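Written below as structure tokens is the structure these notes are about.
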Amino acid sequence: MEAIISLKNAQIYQRNELVLSEINFQLSENEVVYLIGKTGSGKSSLLKTFFGELPLKEGEGEVSGYNLRKLRRKQVPQLRRKIGIVFQDFQLLTDRSVLKNLFFVLKSTGWKDKDLMKKRAMEVLTMVGLEEKQNAMPYALSGGEQQRVAIARALLNKPELILADEPTGNLDPETSEEIMRILIASARESRAAVVMATHDMGMVEKFPGRILRVQDKSLKEVGHLNDFNPFNTFLGSDSSGPDQTDH
């Protein structure tokens with residue numbers, strides 16, 4: 001099976017600071033992988049490398065057929081057409097409706113036919129159960145509904161890969177479970193692989209996948225939740241503290 005992501009001896013830098021060292025990682029289609037670790041450990045930097053926001057300067061890397069070492073700026077939008085991204089803070093455009101948020105992404109990724117755009121937008125809104133909210137403004141939606149719109153947005157181009165950065169971080173437990181169910185079900189329907197950075201170990205337990213711990217500039221696979229000591233520092237106490245931006 002061809003890998004969606006492949007990293008070999010990759011060195012991940014953020015503002016010339018080495019964040020992750022000697023990273024070896026492979027991801028196949030339909031796989032779910034969780035990245036766990038303290039805030040600032042490098043989870044977000046790894047995700048940003050996957051979608052071309054951070055350049056890969058050392059080592060080898062390929063995502064959805066694109067060589068990260070040779071990736072040119074003009075190729076980044078082409079790479080991102082194969083990737084869906086879901087953020088903790090939703091990142092919806094607040095000055096336009098749900099439908100127009102989706103149109104904005106479709107236009108920016110090369111869609112031109114308005115009828116096809118409307119058809120695809122309504123398909124993904126139906127997938128997340130928000131077809132009746134197409135004309136609503138983001139501020140009129142609950143946090144869970146906004147994140148469902150964000151998932152719909154991520155699915156627009158039928159991605160091979162979904163990257164999610166703390167997608168339930170701003171949601172209550174019940175809404176978090178609903179969002180996880182929608183995200184995982186949608187990914188499986190399209191056979192998309194998922195890489196998710198999270199502190200929500202309850203969701204990891206309910207929706208199993210590979211678990212990778214980011215700690216001390218390294219990436220290590222953890223066999224099972226039973227291997228965890230909840231008092232270990234790598235889980236961090238920041239999930240209940242003030243929000244911080246990860247490296």
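Just a few scattered comments:
- Sequentially through the stretch 77-90, phi angles give Karplus couplings (6.51, -1.76, 1.60; θ = phi - 60°) of x, 5, 4, 5, 5, 9, 10, x, 10, 10, 9, 4, 9, 6 Hz, Gly and Pro residues having no value and appearing as x.
- Computed 3J(HN,Hα) for the stretch 209-218, one whole-Hz value per residue from the Karplus formula 6.51 cos²θ - 1.76 cosθ + 1.60 where θ = phi - 60°, is x, 5, 10, 10, 9, 9, 7, 6, 6, 10, glycine and proline marked x.
- Mean residue ellipticity (222 nm) of the chain, computed from DSSP H runs ≥ 4 via -39,500 (n - 2.57), nearest 500: -9000 deg cm²/dmol
- Computed from the Cα positions only, the extents of the chain along the three principal axes stand at 48, 41, 34 Å, in decreasing order.
- Taking amide H as placed 1.01 Å from N in the peptide plane, Ile4 has its amide H under 5 Å from the amide H of Leu27, Ser28, Glu29, each at least 5 places away in sequence or on another chain.
- Charge-dipole axis of the stretch 1-95 as Lys and Arg at +1 and Asp and Glu at -1 on Cβ define it, positive-most pick from Ser64, Ile23, Leu54: Leu54
- Distance between the 7 Å Cα→Cβ label points at Lys217 and Arg96: 4.3 nm.
- Were the residues from Arg73 through Asn24 laid out at 0.36 nm apart, the gain over their Cα-Cα distance would be 15.2 nm.
- Charging the Cβ of each Asp and Glu at -1 and of each Lys and Arg at +1, and nothing else, the dipole of the stretch 1-141 about its Cα centre rounds to 640 debye.
- Amide H to amide H, with H built 1.01 Å from N, Glu58 comes under 5 Å of Gln11, counting only residues 5 or more places away or on other chains.
- Note, ³J(HN,Hα) from phi for the stretch 6-14, Karplus 6.51, -1.76, 1.60, rounded to Hz, x at Gly and Pro: 9, 10, 10, 6, 7, 10, 9, 10, 10
- Under a 5 Å amide H cut-off, with hydrogens placed 1.01 Å from N, Ile211 pairs with Tyr34, Val222 among residues at least 5 apart or on other chains.
Only the coordinates and a few stated rules stand behind these numbers; no lab work does. Computed from a predicted structure; not experimentally measured. When we count neighbours, we look across all protein chains shown, and the Cβ atoms used for this are built from the backbone with ideal geometry, even at glycine.
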